[in-house]
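Asks: Can you keep this structure in mind? I'll have questions shortly.
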Amino acid sequence: FWLWGSWGKRIIKIPFLTQKVSGRIRDVIIGPTFIVALREDGTLVSWGEDKQGCLGLGTDIQLCTEPKPIPFPTDFQGKVVDIQYGKHHILALTNHGKVYSWGENPDGQLGLNDLQTRYEPNLVEEIAQHPITQILAVDNMSYALTKSGVVYAWGENKDGSLALEHDNPRVTKPEPMYRMFSKESQVKKLQIKESGGMGNKQGTKTVVAFVELADPLSDKEKIGGFEHPLGEQPQGADGPVLSENDEKEIFEGVDLMAKVMDNTQAWWTHMNEVRHGSPYQDNPTHNDEYQEAAGKEDGCTALQLDTFVSLDRLERASNELDMLIQSAKAQLSEFKEKKGTKNVKFMLCMFMDDCKLRREKIRRTIAARSLIDSRGMSTTQVSTLDYGQDEVNRLQSANNQLHRTLQKVKNQRTYDVFTKTLQDSIVECIECKLQVHENEIEILKAGGPKQVEPVKSALRTIKERWGDLKRFSIYNFFMECKLHGQEWEYKSEEEFLAFLVSSSDQRIDGIISRDKDQQFSRDLLVPSLAYDLLVENAELRKMCNTYQLKVMIMGNEQKKKLQSEAR
């Protein structure tokens, strides 16, 4: 087994493999300077150094460099199935329900009716007549759960921590916890729960006794589980007799599966030849033969292709993936109502999802690169000879260029949260630059900073946003979608109208989303009412879009109703 972390006074920063114990191990106890291991055959071995008796090797052996079997009494029967470690004592449970203990015993935690330290395992006689199903060791306290649901406790009882009927500071032999003894609410399981400490204080340990215990997870409920092993027939099932129609549908499904497999394989090959949008090979263990073969041909990785190829080439790759999606979608619709095609539908859906993910990645790359390119556009350069001359015209010229760049960035389509955040950040940077230039122009025109109104530049930004809201309309957006043929992607006119309203609302949110960021976008010299009115204007426009949608849908329903009545 491997070890790392805190161990006694040491910190193990690099995991190291311990191979001292021969055979397989069920459990281990990690003491400050020693280890006790429970082997598969139910025997215990220990090694290390310990003066409190936890090695269990007798009084003469307090240091042992190699694993040595722990001796049990001569009348010991069965094998050990569980071991528990407290502060400086150990409990062992056998498959016969017997409990053995050894180690330090200042509070009677060994349950042997005295306070003497034991250096070898000793049977806890007090509960020997009761079949024990579980043991717990918590600091200087010990617990045992019987088959009948009775909990026994012994050891340190400071402040009544054992929850017994009395508050004696030491309990040297197991005593039943009568408060929890009830046939209606028998304890099924004990468990220790640790809470994290606050400040410099250490965490505490709480004992939990489960009464209503859930059944173990079935094979089906386990991770990766199934009702029964794959390929195995469920018990009690003789197998249904197939009719001729069922057999015919099965053979048709097999034949269809073969055809679809051939088509999908051809599409898959073409998709890999496109390469753009493929996963980045950031983990050598995840490489696949298709990507490796393609990378050897041109000597480029998928990341390098997305970074350096032209945007037109990326657009063509996105269109090719669109065509693959449409082809798979058309084939899926051919046998949508046929039986026995579940596997075929699953395979086509998987292929379409892969194409969609690659297309989204390409669109994200195009948007990000376009935004980055616009950010890096050249600005007005000032030579040494021009310094101090015609500053106002030079600043106005730079502002004109910044306005063109700003409009280009705002018009750039974004496809996900990341590119939208990048767009917002670039817009905010450009607007801040414009405000700085505007303030500089006002200062130069006024001949000094004292007569300038610094709020003017911030108000111009609000005015521009207000103008963007006025210029945008759902009709213009409808014509834009119609130009790209997007209305044909929807089953009904109502569905397309709902898409228009939803997308329009997103456009409006994109215009005013930056003004909701009070820390970066809002100017402290401008009354917040101005920004609030801008946001309120956008919300009213969104409500108008929703109202238009409802009116259009009601009008279409009324039109259909009149047509049906006329027939």
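Asks: If the Cβ limit is 8 Å and pairs must be 6+ apart or interchain, which residue in region 393-404 that is under 16 Å from I443 (Cα atoms) pairs with which residue that is of a type in the set (A, V, I, L, M) and open to solvent by 70 Å² or more (accessible area, probe 1.4 Å)?
Replies: Here the result reads R394/V382; L395/L444, each pair linking region 393-404 to a residue that is of a type in the set (A, V, I, L, M) and open to solvent by 70 Å² or more (accessible area, probe 1.4 Å).
Asks: Of everything in region 278-314, what is assigned to a loop (DSSP other than H, G, I, E, B) and modelled with pLDDT of 80 or more? Give them in sequence order.
Replies: V309, S310 - these are the residues of region 278-314 that are assigned to a loop (DSSP other than H, G, I, E, B) and modelled with pLDDT of 80 or more.
Asks: Which residue out of T380, T365 is modelled with pLDDT under 80 and not acidic (D, E)?
Replies: Among T380, T365, only T380 is modelled with pLDDT under 80 and not acidic (D, E).
Asks: Quick one: what pairs do we get from region 79-104, first residue open to solvent by 10 Å² or more (accessible area, probe 1.4 Å), second small (G, A, S) and in a loop (DSSP other than H, G, I, E, B), C-beta under 7 Å, 6+ apart or different chains?
Replies: Filtered contacts from region 79-104: K79/G42; V81/G42; Y85/G31; N95/G78; H96/G78; K98/A128; E104/G53.
Asks: Among the residues of region 119-133, which ones are among the aliphatic types (A, V, I, L, M) and open to solvent by 20 Å² or more (accessible area, probe 1.4 Å)?
Replies: L123
Asks: When the residues of region 208-260 are narrowed to those that are hydrophobic (A, V, I, L, M, F, W, C) and open to solvent by less than 60 Å² (accessible area, probe 1.4 Å), which ends up modelled with the lowest pLDDT?
Replies: In this case the residue turns out to be A237.
Asks: Under the condition of being within 18 Å of L123 (Cβ to Cβ) and of a type in the set (A, V, I, L, M, F, W, C), which residue from region 58-78 is least open to solvent (accessible area, probe 1.4 Å)?
Replies: Selected residue: I70.
Asks: For the subset of region 134-156 comprising residues that are part of a loop (DSSP other than H, G, I, E, B) and in contact (Cβ under 8 Å) with a residue 40 or more places away in the chain, which member is surrounded by the fewest Cβ atoms within 10 Å (Cβ to Cβ)?
Replies: Among those residues, the one meeting the criterion is K147.
Asks: A follow-up question, please. Would you pick out the residues in region 318-346 that are open to solvent by less than 80 Å² (accessible area, probe 1.4 Å), closer than 22 Å to K248 by Cβ and touching a residue at least 40 places away in the same chain (Cβ under 8 Å)?
Replies: Answer for region 318-346, where residues must be open to solvent by less than 80 Å² (accessible area, probe 1.4 Å), closer than 22 Å to K248 by Cβ and touching a residue at least 40 places away in the same chain (Cβ under 8 Å): Q331, F335, G340, T341, V344.
Asks: Would a scan of region 195-207 turn up a residue that is of a type in the set (S, T, Y), at pLDDT 75 or above and out of contact with any strand residue (DSSP E or B) (no Cβ under 6 Å at 6 or more places or on another chain)?
Replies: Checked against the condition, which is being of a type in the set (S, T, Y), at pLDDT 75 or above and out of contact with any strand residue (DSSP E or B) (no Cβ under 6 Å at 6 or more places or on another chain), region 195-207 yields at least one hit.
Asks: Any idea how many residues of region 38-79 are closer than 17 Å to R26 by Cα and touching a strand residue (DSSP E or B) at 6+ places or on another chain (Cβ under 9 Å)?
Replies: Adding up the residues that qualify gives 15.
Asks: Got a sec? Which of E480, E440, E487, E464 is at pLDDT 75 or above and assigned to a helix (DSSP H, G or I)?
Replies: E464
Asks: Let me ask something else about it. Looking at (1) among the aliphatic types (A, V, I, L, M); (2) open to solvent by 40 Å² or more (accessible area, probe 1.4 Å); (3) modelled with pLDDT under 75, find the lone condition where V526 falls short.
Replies: For V526, the failing item is (2).
Asks: With L38, L3 as the choices, which residue is without any contact (Cβ under 8 Å) to a residue 40 or more places away in the chain and in a strand (DSSP E or B)?
Replies: Answer to the check: L3.
Asks: Which number in (1) in contact with a Leu (Cβ under 7 Å, 6 or more places away or on another chain); (2) farther than 19 Å from H88 by Cα; (3) acidic (D, E) marks the one condition that D41 misses?
Replies: (1)
Asks: Sticking with this structure for a sec: Identify the residue in region 105-133 that is without any contact (Cβ under 8 Å) to a residue 60 or more places away in the chain and of a type in the set (A, V, I, L, M) and, among all such residues, is nearest to P69 (Cα to Cα).
Replies: L123
Asks: Does at least one position in region 385-395 carry a residue that is more than 49 Å from the chain's Cα centre (by Cα), modelled with pLDDT under 80, among the aliphatic types (A, V, I, L, M) and more than 11 Å from A367 (Cα to Cα)?
Replies: Checking region 385-395: at least one residue is more than 49 Å from the chain's Cα centre (by Cα), modelled with pLDDT under 80, among the aliphatic types (A, V, I, L, M) and more than 11 Å from A367 (Cα to Cα).
Asks: Sort out which residues of region 16-56 are of a type in the set (F, W, Y) and surrounded by fewer than 14 Cβ atoms within 10 Å (Cβ to Cβ), and write them in order of number.
Replies: The answer is F16, and nothing else.
Asks: Taking region 407-428 on its own, how many of its residues are loosely packed, with under 14 Cβ neighbours inside 10 Å, touching a residue at least 40 places away in the same chain (Cβ under 8 Å) and in a helix (DSSP H, G or I)?
Replies: 1
The values are calculated or read from the model by the stated rules, or taken from the named source; none is laboratory data. Just so you know, these numbers come straight off a predicted model, no measurement behind them. Because the Cβ atoms are built from the backbone with ideal geometry, glycine has one as well, and the counts that use them run over all protein chains shown. Heads up: the accessible areas ignore ligands, DNA and RNA and are worked out on the full protein's heavy atoms, side chains in. Shrake-Rupley method; radii C 1.70, N 1.55, O 1.52, S 1.80 Å.
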